[in-house]
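S.K.: Dropping the structure in here first, questions after.
The values are calculated or read from the model by the stated rules, or taken from the named source; none is laboratory data. Given the structure is predicted, the values throughout are model-derived calculations rather than measurements. When we count neighbours, we look across all protein chains shown, and the Cβ atoms used for this are built from the backbone with ideal geometry, even at glycine.
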Amino acid sequence: MTQRSDVTQALAELSKGNAKAAAGLLPLVYEELRELASHYLSDEPCDHTLQPTALVHEVYLRMAGQRNGGWENRAQFFAVAAQAMRHLLIDHARRRRTAKRGSNRRKFSLDDVIEPGVLREEYLVALGDAMTELASFDAQLSQVVELRFFAGLSIEETARVLDTSPTTVKRLWKVAQGWLHREIMKGN
C-alpha cells in the first residue's frame, strides 16, 4: 500500500499547478492501482483483450489529463480512479459485445455480477447503465459500488477510503445491491 501522506502531498502539489507532481504521483499509486486491476480482471477468460497494465495506464492518463482534478487526498484520488476504471471497462465491454454478438441482451441475475472483484464482460454493460442511473441520484451509493465491485475493496477498506464506518458501508452496500438488482432485472 502507498503512504497516504505522500499521495496526499503529491496531490496537493498537483492542484497547485506543479507539473512535476504528476510524475511523482505515478510511482506512489501505480502498484496499488495495478493490483486492483489485476484482481478484478483475473476472472476474465484468457481471450480478454484488456490487461491490468493497460487499464492502469489508460486510467492514469485520463486522470493526469485533468490538470486540476481537485483531489484533496488519497481517498478522493482512488474513488475517481475506480470511477474511471468503471467507465473504461464498460466501454470496452460494449465494443466487444457489439463486435461479437450484436446488440442481443442476455438475461441474468445481479447475484451473477455483484460479487466484489468478479468481472464478467457480458454483464458489465447492464451494470454500467444501472450505475449511471444510480450515480445520478445517489453519488454515495454509486461510490460504494465502485469501490467494492470495481476496485475490489473490502468493507473495511471502503470505509477507510470514504472516511466512514464499516457499518455505514455495509448498509449502503445492501441498499445499492437491492437497487441495482431491481434496475437490472427491469431491463431484462
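S.K.: Suppose we keep only residues that are in contact with a helix residue (DSSP H, G or I) (Cβ under 7 Å, 6 or more places away or on another chain) and of a type in the set (Phe, Trp, Tyr) within the stretch 106-151. Which one would you say is modelled with the lowest pLDDT?
M.R.: That would be PHE108.
S.K.: Out of everything in the stretch 146-188 that is in contact (Cβ under 8 Å) with a residue 12 or more places away in the chain and of a type in the set (Lys, Arg), what residue ends up being surrounded by the most Cβ atoms within 10 Å (Cβ to Cβ)?
M.R.: It comes out as ARG148.
S.K.: Test each condition in (1) of a type in the set (Gly, Ala, Ser); (2) assigned to a helix (DSSP H, G or I); (3) at pLDDT below 80; (4) under 30 Å from LYS16 (Cα atoms) for ALA84 and report the one that comes out false.
M.R.: Going through (1) of a type in the set (Gly, Ala, Ser); (2) assigned to a helix (DSSP H, G or I); (3) at pLDDT below 80; (4) under 30 Å from LYS16 (Cα atoms) one by one, ALA84 breaks only (3).
S.K.: Limited to the stretch 24-56, what total is found for residues that are modelled with pLDDT of 75 or more, of a type in the set (A, V, I, L, M, F, W, C) and surrounded by fewer than 18 Cβ atoms within 10 Å (Cβ to Cβ)?
M.R.: 2
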